[in-house]
Amino acid sequence: MKADAVRGHLDGLLLAVLEPGPLHGYAIITAVQRRSGGALELRTGTIYPALNRLERLGLLSSSWQSASGERRRRAYELTDAGRATLAGERAAWSEFTAAIGSVLNPGPQPGTHPGLAT
C-alpha cells in the first residue's frame, strides 16, 4: 500500500496499536504490519518522529526498558489524553469511511424507487 494512503491516519494507527499496552518502536512497526495483514509497512524514519510528536502533545508517555540480555529500548504507551484522542480518531474514521463508501458504493437514494430512471 502506498505511503500516501497512510498519510493523515498515522497518529490513529500508532495510538491504536499502543492501546493494549506499551511497545517499543520495532514492535509498533510489527504490530501495524500484522494487524493490517501485511498491507502497511511503516518505516522507522516515519514512526519515530510521529511518536516523539505524540509524546510532546501528551498523548503518549515513554520509558526506557530492557529485557534480559537485550539493549535498552524506549517503550511508548497511551496516556488518558491519548485514549480520548484514539476514541475521537475512531469516530472520525467511521464517519469518513461511511461518507466515502456512500459515494463509491451508492445504494438506492432516499425517495427513489430502484429501477426507475431519475
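The values are calculated or read from the model by the stated rules, or taken from the named source; none is laboratory data. The structure presented is a predicted model; accordingly, all values stated were derived computationally and were not measured. All Cβ positions, glycine included, derive from the backbone under ideal geometry; neighbour counts span all protein chains shown. Note: accessible area is taken over every heavy atom of the protein model, side chains too, but ligands, DNA and RNA are not part of it. Shrake-Rupley method; radii C 1.70, N 1.55, O 1.52, S 1.80 Å.
Of everything in the stretch 13-32 that is within 11 Å of the chain's Cα centre (by Cα) and open to solvent by 30 Å² or more (accessible area, probe 1.4 Å), the residue that is nearest to Gln65 (Cα to Cα) is Glu19.
I'd like the residue in the stretch 77-90 that is touching a residue at least 60 places away in the same chain (Cβ under 8 Å) and farther than 11 Å from Gly58 by Cβ and, out of all such residues, is farthest from the chain's Cα centre (by Cα).
Initial filter on the stretch 77-90 (touching a residue at least 60 places away in the same chain (Cβ under 8 Å)): 78, 82-83, 85-86, 89-90.
Applying the additional criterion that residues be farther than 11 Å from Gly58 by Cβ yields 83, 86, 89-90.
Working: Arg83: 12, Leu86: 8, Glu89: 8, Arg90: 9 Å.
Checking each candidate, the answer is Arg83.
Considering only residues in the stretch 45-61 that are touching a Phe, Trp or Tyr at 6+ places or on another chain (Cβ under 8 Å) and open to solvent by 30 Å² or more (accessible area, probe 1.4 Å), the one that is farthest from Arg7 (Cα to Cα) turns out to be Ser61.
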